[in-house]
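The values are calculated or read from the model by the stated rules, or taken from the named source; none is laboratory data. Just so you know, these numbers come straight off a predicted model, no measurement behind them. Cβ: placed from backbone, ideal geometry, glycine included. Neighbour counts: every protein chain shown. To get the accessible areas, we keep the full protein, side chains included, count just its heavy atoms, and leave off ligands, DNA and RNA. Shrake-Rupley method; radii C 1.70, N 1.55, O 1.52, S 1.80 Å.
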Number of protein chains: 2
Amino acid sequence: MNLVDAVLAGDRLALSRLLTRVENQHPEGIEALSQLFPHTGRAHLIGVTGAPGTGKSSLVNRLALHYRREVQPAPRVAIIAVDPTSPFSGGAVLGDRVRMRDLSGDSGIFIRSMASRGSLGGLAQTTAALAQVFDAAGYEIIFIETVGAGQNEVDIARLAHTTLVVEAPGLGDDIQAIKAGILEIADILVINKADRPGVESTEKALRNMLELSHPLRHVFRHHGKIEVVEAAAAAPQYNSWIPPIHRTVATEGKGIAELVESIARHRQHLIESGDWEARERARLQAELEDLLRETLLHQFRSRIAPQIYEQVLQQVLARELSPWDAVHLLVDRRQG
Amino acid sequence: MNLVDAVLAGDRLALSRLLTRVENQHPEGIEALSQLFPHTGRAHLIGVTGAPGTGKSSLVNRLALHYRREVQPAPRVAIIAVDPTSPFSGGAVLGDRVRMRDLSGDSGIFIRSMASRGSLGGLAQTTAALAQVFDAAGYEIIFIETVGAGQNEVDIARLAHTTLVVEAPGLGDDIQAIKAGILEIADILVINKADRPGVESTEKALRNMLELSHPLRHVFRHHGKIEVVEAAAAAPQYNSWIPPIHRTVATEGKGIAELVESIARHRQHLIESGDWEARERARLQAELEDLLRETLLHQFRSRIAPQIYEQVLQQVLARELSPWDAVHLLVDRRQG
């Protein structure tokens, strides 16, 4: 049996091996992605992001356990932990060890850490490819866990159907600016470690920022009072979604069931509003264009003599030719 | 006189107008970039990044003043403040107001805020274009100031010749993981607000991280003791650079002169080691390839019937065709 068939048959070792080949962009991995593609499109991709210290690994851990133990029929759950900083922080390794204790022995859960700092530019693309493998292998819930608030997280959030942004009380006001940026990608806000002091002011800050950022604020403002969380229930009639705020204590399992319900509601909202299909379309179109760009460049480079390309590059380096003029020159030369 | 000539002649209003057109990707802006390109390549691009709360705007402010008042002959100084979160944080606006007070009235300083959250994907490209305009306009020192530690900062740092990473005491250990990631792009480390308690432990943490991350650690380890900062003086003989750590109190101007000297030393190091030329080459080559990719895709899309493209996309959406097979189909069709 080849690797693809073994993965489709549920072989974990084959799955693990294929994930490695895909992550390393091994030709066999690319070929396998193409073969697996018809089997994709069923998974719910859930992005989970937040600063270090918010306890999002524990949260993902608990959510995975909940899906396996409390939801009927229990979906298979994959966790992709993306941590570009892990070569130094060691966070991914420790996180995995903690997870092992609770989640090991359950063949319906698969955890994969990615720490490809080297290929940062393509992190979102690689994550998308790994998610496709899990999707084809029958994992219906796929968590994509990322650290921080940079372009990576935004790009990776674009892959997910539902994005959870995790905060925690007492992480300081200095990161407010970063929080504001990340709020834009949040479908659901989670205040984890909600038994800590300061949870009220964290929630208040999040509500204020939601009010600032959410386009529906006028609708609810004319009722005299802004109630963003309650507004989420009324939102479907406007064909929109206002991010609810959840409080959790992941280490004790508090608030997990409510959060899982909220995730399911968001999925339902996406399907009913047509956003699910729209997001799929946008995602696949972007993937197609990325591949087209790379293929066309590759083809172009293979057809032009290296010394001509180098000569043009030298003229650019000498400031004799601007990059724009250089491109026109190269493209026209091919056609002449 | 056209806009390009006016900019080359030192007209500030024309410069301001051209920067806007370039930022908005106005065709006239693109055309102007091409015309200005032969005049570029003289500026020293200095990236300054760090978390909110480290006081990096004040630091950049002070550095700019120092260049204008203490360096002979005084270079013209441009500041590009990149803050994708500013629509919410208001940080950029406040920052500009503070700066105005000290820097206004000096025609040798030009400050530009960018808050193009909408086109995040192209933030690095837009910043590069603005820097080219300043470079052509005769600004010899160009600061590029960014917030945070995401992909944006890494991409923008790749533009700069010298990258300063700014820390401050007492911002908490929770952001250590982010710091570790950002350290990789640092040429110079700055502990600003160094009059605050905790400066010793911040410096110790940075030294430890430097030790972990710097490839030269073995060289100095066999002497029995690791002295990373002192090692910077010895580094040139290994044709390498170990990031020095500077303490500053920007609000009082403390440590600024030493930091400016360090920046000049780094420039000298880049030129002597050949890294300056290597970075320029890598940067222009990447720019050329980005433009080639876009041009080739644009050309390809304009030659293929929209209904055929749409039809293939529909087959991908229906999972009948993988994106890889779709690209081959499209590219082969064109040639058939």
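Could you tell me the accessible area of residue B:13 in Å² (1.4 Å probe, neighbours in place), rounded to the nearest ten?
Approximately 110 Å² for this residue.
Would you tell me the accessible area of residue B:20, worked out with a 1.4 angstrom probe on the heavy atoms of the protein chains, in Å² to the nearest 10?
50
Please report, for residue B:319, the nm distances (one decimal) from its label point, 7 Å out from Cα along the beta-carbon direction, to the equivalent points in the remaining copies, shortest first.
5.6
How well do other chains shield peptide B:282-294, expressed as the mean number of their Cβ atoms within 10 Å of each residue Cβ?
Mean inter-chain Cβ contacts per residue within 10 Å come to 5.
What net charge do the residues around residue B:285 carry, taking every other residue with its C-beta under 14 Å from that of residue B:285, with Lys and Arg at +1 and Asp and Glu at -1? If you can, show how the numbers build up before the last one.
Details: positive: A:301, B:158, B:279, B:281, B:283, B:293; negative: A:310, B:277, B:280, B:287, B:289, B:290.
Every neighbour counted, the sum reads 0.
Hey, if we sort A:114, A:1, B:209 by accessible area with the 1.4 Å probe, largest down, what's the order? Could the numbers behind the result be given before it?
Details: A:114 0, A:1 175, B:209 30 Å².
Descending accessible area places them as A:1, B:209, A:114.
How many partner chain Cβ atoms sit within 10 Å of a residue's Cβ in peptide A:313-322, on average, as a whole number?
Partner-chain Cβ atoms within 10 Å, mean over residues of A:313-322: 5.
Can you give the mean number of other chain Cβ atoms that lie within 10 Å of the Cβ atoms in peptide B:323-331? Before the final figure, lay out the partial values.
Values: counts 13, 10, 3, 7, 10, 3, 0, 5, 5.
The mean count of partner-chain Cβ atoms within 10 Å per residue comes to 6.
Taking the label point as lying 7 angstrom from Cα along the Cα-to-Cβ axis, what are the distances from residue B:10 to the corresponding position in the remaining copies, in ascending order and in nanometres?
Going from nearest to farthest copy, the values are 7.8 nm.
Say a label goes 7 Å from Cα toward Cβ at residue B:332 in every copy; what distances in nm does this one have to the rest, shortest first?
Ordered by increasing distance: 3.4 nm.
Over 30 Å between C-alpha atoms is what I'm after, so list which of A:204/A:254; B:204/B:254; A:204/B:56; A:193/B:254; B:56/B:204; A:56/B:204 land there.
Too far apart for the 30 Å limit: A:193/B:254.
Could you list which residues have their amide H under 5 Å from that of residue B:248, counting only those 5 or more apart in sequence or on another chain, with H placed in the peptide plane?
B:191, B:192, B:193, B:194
Compute and list, largest first, the equivalent-ellipsoid semi-axes of segment A:236-336 from the alpha carbon gyration tensor, each √(5λ) rounded to a whole angstrom.
52, 18, 13
In Å² (nearest 100), what accessible area is buried between A and B, both sides summed, heavy protein atoms only, 1.4 Å probe?
6600
In the full protein assembly as shown, how much of residue A:69 is accessible to a 1.4 Å probe, in Å² to the nearest 10?
Only protein atoms counted, so the area is about 150 Å².
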